[in-house]
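Below: the structure, in structure tokens.
The values are calculated or read from the model by the stated rules, or taken from the named source; none is laboratory data. This is a predicted model, so every value here is computed, not measured. Here the Cβ positions follow ideal geometry from the backbone for every residue, glycine too, while neighbour counts run over all protein chains shown. Areas reflect the complete protein model, heavy atoms only, side chains present, ligands, DNA and RNA absent. Shrake-Rupley method; radii C 1.70, N 1.55, O 1.52, S 1.80 Å.
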Amino acid sequence: MSRTARRAERLADAADARLPVLEGGSLLRKAFPEHWSFFLGEIALYSLLVLILTGVWLTFFFQPEMREVVYTGSYVPLQGVAMSAAFDSTLHISFDVRGGLLMRQTHHWAALVFVAAIGLHMLRIFFTGAFRRPRELNWAIGVTLFMLSLAEGFAGYSLPDDLLSGTGLRIAQGIMTSIPVVGTYLAFFAFGGEYPGHDIVTRLYPLHILLLPGALIALVTAHLILVFHLKHTQWRGPGRTNRNVLGKPLYPQFTGTSAGLSLTVFGVLVLLSGIAQINPVWTYGPYRPDQVSTGSQPDWYVGFLEGALRLVPPWETNVAGHTVMWNVLLPAVVLPGLLFAVLYAYPFVEQRLTGEWRHEQHLCDRPRERPVRTGLGVAGTVFYGVLLLAGANDIMAQVFRVSVDALTWILRAALVVAPVLAFLVTRWLCRALTAAERERLAEGVPTGDIRQSVTGGYEGDHEPVESFRPGAPRRPLTGARTGTPSRTPRAPERPDR
């Protein structure tokens with residue numbers, strides 16, 4: 001083999017060896033759009049990371065047992081009080097383990113932020129239409145993540161076996177028994193016999209630290225893979241189409257931004273845990289079936305279920321010897337099932353009605369451009385808000401010195417009327433904003449100058465629109481401004497300019 005042939009072979013081998021490097025380099029240059037709303041999902045991700053880290057630490061000290069012990073720890077007011085081993089270990093973590101209270105509160109705050117970030121992220125996806133083809137599967141994964149996060153939060157909230165969490169478990173037991181035919185068997189299995197049983201904490205513990213976290217991590221991984229594979233949605237703008245993505249490259253710009261956000265999330269959660277008390281179980285005391293904590297309120301993410309239970313009238317029906325408790329079954333079983341069914345089905349229904357299922361959609365909608373979808377989203381949010389308020393109707397009645405019955409009836413009426421009004425007002429507002437924007441593009445921005453015509457009339461002067469919000473329609477900026485023409489039709493010039 002000649003020297004030239006050997007050199008060509010070595011060059012070919014070197015090129016083959018560099019192929020993975022080139023592919024990796026292109027992967028690291030993958031573009032991610034810039035907008036503050038796109039970071040909501042990352043906040044949820046980093047909150048989950050804090051949950052995992054603090055949760056692993058807490059497992060070294062928590063005892064998931066309901067056997068009765070007598071408290072002998074350093075919290076004097078409860079010394080000598082009989083309680084479960086789970087509650088005793090929670091007090092031990094809070095008062096006798098160095099940094100234990102900070103870790104407990106960081107874990108709880110991270111759980112609240114995690115659920116809130118998922119909810120806000122889903123609202124962003126909904127209002128911008130980022131659930132459309134080809135992202136329907138990712139939307140379904142997100143809805144499942146939200147549902148699992150609610151279950152995970154409730155399971156962790158119930159583990160300390162304090163009076164507040166025990167009240168929540170009593171409500172859960174009532175919801176189980178409201179299911180016709182099989183409800184009693186479900187409650188017996190969960191609690192290990194007649195309420196309160198001796199197995200509920202023992203069974204919630206592996207669910208909370210193993211099964212649900214495993215499912216969450218698996219779904220988050222699948223969600224991120226799909227986001228990476230399908231490419232990120234982006235706002236409309238110059239140079240942005242369904243065929244490209246403009247933004248920061250993954251490395252180093254986006255990685256640096258994301259790392260800074262992760263440190264911010266960690267710092268804010270620890271700061272909250274250090275200065276804002278949450279879930280002080282020692283003030284509630286151990287759970288006893290014959291007691292209920294006064295003014296007990298669940299964490300906000302399950303408050304809508306509490307409100308629904310309080311608003312439904314006491315309806316019951318006897319069928320073939322079985323009592324169907326509609327006042328529990330409808331708000332706590334049927335309503336959540338319908339809500340999640342609507343969330344799963346909405347992307348497919350909307351795309352069928354609009355015909356968008358035939359083509360891929362990679363550009364975000366502005367909410368004002370989709371008045372019906374935006375109206376439905378606001379109506380659903382108002383519906384949730386009314387239920388959340390109803391979950392605290394006793395507290396509101398006490399604070400504002402009004403009748404609980406009167407407030408309940410007001411909230412029942414609001415649950416029906418307020419979402420409808422919210423839909424109509426939001427749809428009208430979206431159409432008004434769109435019309436005003438068209439007029440602004442056509443007429444321009446008032447300069448404040450007034451000129452008098454030859455006939456003696458007065459009119460204001462305008463100048464072309466120069467600043468635009470993300471996704472807003474733009475008039476063409478050509479010539480010296482950009483050097484490239486735009487496909488958007490030019491707004492008509494005023495005759496006097």
* Structure fact -> By residue number, the members of the stretch 79-88 that are surrounded by fewer than 23 Cβ atoms within 10 Å (Cβ to Cβ) and either closer than 15 Å to Asp162 by Cβ or in contact with a Pro (Cβ under 6 Å, 6 or more places away or on another chain) (or both) are Val81, Ala82, Met83, Ala85
* Are any residues in the stretch 269-282 surrounded by fewer than 17 Cβ atoms within 10 Å (Cβ to Cβ), of a type outside the set (A, V, I, L, M) and in a loop (DSSP other than H, G, I, E, B), and if so, which ones? -> Gln277, Pro280
* Structure fact -> Across (1) surrounded by fewer than 17 Cβ atoms within 10 Å (Cβ to Cβ); (2) farther than 30 Å from Glu316 by Cα; (3) not aliphatic (A, V, I, L, M), Tyr185 clears everything bar (2)
* Would a scan of the stretch 135-142 turn up a residue that is under 26 Å from Ala341 (Cβ atoms) and acidic (Asp, Glu)? -> yes
* Specify which of the listed residues (Ala341, Ala379) is assigned to a helix (DSSP H, G or I) and either over 21 Å from the mean Cα position of the chain (by Cα) or touching a residue at least 40 places away in the same chain (Cβ under 8 Å) (or both). => Ala379
* Mind listing whichever residues of the stretch 344-355 are touching a residue at least 40 places away in the same chain (Cβ under 8 Å) and either of a type in the set (A, V, I, L, M, F, W, C) or farther than 24 Å from Phe146 by Cβ (or both)? => Phe348
* Asked: Is it true that some residue in the stretch 67-78 is out of contact with any strand residue (DSSP E or B) (no Cβ under 6 Å at 6 or more places or on another chain), under 30 Å from Thr255 (Cα atoms) and open to solvent by 30 Å² or more (accessible area, probe 1.4 Å)?
  -> no
* Structure fact -> Considering the stretch 426-471, residues that are among the β-branched types (Val, Ile, Thr), under 42 Å from the mean Cα position of the chain (by Cα) and not in a strand (DSSP E or B), and then whichever is surrounded by the most Cβ atoms within 10 Å (Cβ to Cβ), we arrive at Thr426
* **Criterion violated by Glu443 - all others in (1) within 30 Å of Arg310 (Cα to Cα); (2) in contact with a strand residue (DSSP E or B) (Cβ under 7 Å, 6 or more places away or on another chain) satisfied** => (1)
* Asked: Given the residues Glu350, Glu360, which is the only one that is closer than 20 Å to Ile125 by Cα and surrounded by 15 or more Cβ atoms within 10 Å (Cβ to Cβ)?
  -> Glu350
* Counting just the residues of the stretch 193-239 that are part of a loop (DSSP other than H, G, I, E, B) and touching a His at 6+ places or on another chain (Cβ under 9 Å), which one comes out surrounded by the most Cβ atoms within 10 Å (Cβ to Cβ)? -> Thr233
* Asked: What are the residues in the stretch 279-316 that are touching an Asp or Glu at 6+ places or on another chain (Cβ under 6 Å) and of a type outside the set (A, V, I, L, M), if any?
  -> Tyr284, Tyr287, Pro298
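Per-residue answers, yes or no, for (1) among the aromatic types (Phe, Trp, Tyr); (2) part of a helix (DSSP H, G or I); (3) farther than 24 Å from Ala218 by Cβ; (4) open to solvent by 10 Å² or more (accessible area, probe 1.4 Å):
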position: Arg104; (1), (2), (3), (4): no, yes, yes, yes
position: Val113; (1), (2), (3), (4): no, yes, no, yes
position: His121; (1), (2), (3), (4): no, yes, no, yes
position: Ile141; (1), (2), (3), (4): no, yes, no, yes
position: Leu150; (1), (2), (3), (4): no, yes, no, yes
position: Gly166; (1), (2), (3), (4): no, yes, yes, no
position: Met176; (1), (2), (3), (4): no, yes, yes, yes
* Structure fact -> With the first residue restricted to the stretch 187-201 and required to be under 13 Å from Met66 (Cα atoms) and at pLDDT 90 or above, and the second required to be β-branched (Val, Ile, Thr) and buried (at least 17 other Cβ atoms within 10 Å of the Cβ), Cβ contacts under 8 Å at 6 or more apart or on different chains are Phe191/Ile200
* Asked: Could you say which residue among Gly285, Gly295 is at pLDDT below 95, surrounded by fewer than 12 Cβ atoms within 10 Å (Cβ to Cβ) and closer than 22 Å to Leu78 by Cβ?
  -> Gly295
* Asked: Out of Arg366, Arg373, Arg310, which single residue is under 25 Å from the mean Cα position of the chain (by Cα), surrounded by 18 or more Cβ atoms within 10 Å (Cβ to Cβ) and modelled with pLDDT of 95 or more?
  -> Arg373
* Asked: Restricting attention to the stretch 387-425, and to residues there that are more than 20 Å from Leu376 (Cα to Cα) and of a type in the set (Phe, Trp, Tyr), which single residue is surrounded by the fewest Cβ atoms within 10 Å (Cβ to Cβ)?
  -> Phe400
* Asked: Pairs, please: C-beta under 6 Å, at least 6 apart or cross-chain, first residue more than 15 Å from Val312 (Cα to Cα) and in the stretch 386-408, second surrounded by 17 or more Cβ atoms within 10 Å (Cβ to Cβ)?
  -> Ala397/Leu407
* Structure fact -> Note: among Pro252, Pro336, Pro331, just one is in contact with a Leu (Cβ under 9 Å, 6 or more places away or on another chain), open to solvent by 50 Å² or more (accessible area, probe 1.4 Å) and not in a loop (DSSP other than H, G, I, E, B), namely Pro252
